[in-house]
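Accompanying notes for the structure given below.
Just so it is clear, none of the values below were taken in a lab; they were calculated from the coordinates. This one's a predicted model, so the numbers in the text were calculated from it and none came from an experiment. Here the Cβ positions follow ideal geometry from the backbone for every residue, glycine too, while neighbour counts run over all protein chains shown.
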């Protein structure tokens, strides 16, 4: 199936956090407070995706307050933290939202993401993902995780479905 056809079906964008929305680094201070660095362009991309009518979600293996805060700020539809086996979680999310596998884009960066990448209608690996993860994906971003990979994915989907110009119009006036 061509990339444009895969993009046309997508209604739900699911993404891992560490290594996708961040560069994968986790900073712990002396008090045990965790810090992550999110790419601001990925945040705007989530907003553009929502403006285009898409649903968005996070499926991550770790649990942290900072992810909860970022997810609330960006108004993700679904947030699942502490997920050890991502595929059943993605399947449950799809069922709860009435979304078919071919209507899901899943963005991952490492081995725990491979089953979800293969399940999704548009499975995506970030550019710096291991070879096995990139090999499982339908699309590999040109940039690494935390450096605008989600922005690239949103642009890819919206441009391949002729929705990009409509969602950026308010910024171009």
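Taking 7 Å steps out from each Cα toward its Cβ at residue 66 and residue 8 produces label points 4.1 nm apart.
Using Cα-Cα distances under 8 Å and only pairs 6 or more residues apart, what relative contact order does the chain have, in percent?
Numbers: 333 pairs, mean separation 49.4, N = 173.
That works out to 29 percent.
Considering only 140, 33, 150, the mean-square fluctuation computed in a Gaussian network model of the chain, springs between alpha carbons under 10 angstrom, is largest for 33. Of all DSSP bridge pairs formed entirely within the chain, close to 15 percent run antiparallel. Across 149, 136, 125, mean-square fluctuation computed from a Gaussian network of the chain (C-alpha pairs under 10 Å connected) peaks at 136. Under a 10 Å cutoff between Cα atoms, tell me which one of 116, 95, 31 has the largest fluctuation in the Gaussian network model of the chain. Per the Cα network of the chain with a 10 Å cutoff, 31 tops the list.
The separation of the range 92-131 from the range 22-36, counted between C-alpha centres, amounts to 26 Å. Per residue of the chain, the DSSP helices (runs of n ≥ 4 H) give a summed -39500 (n - 2.57) that works out to -12000 deg cm²/dmol at 222 nm. Is the shape of the range 25-173 rounded, prolate or oblate, going by the alpha carbon gyration tensor and its root eigenvalues a ≥ b ≥ c, with a/c under 1.5 for rounded and a/b larger than b/c for prolate? Note, shape of the range 25-173 comes out rounded.
PRE reach from residue 166 (point 7 Å along Cα→Cβ): which of the range 1-28 fall under 16 Å by backbone N? 7-12, by backbone N distance to the label point.
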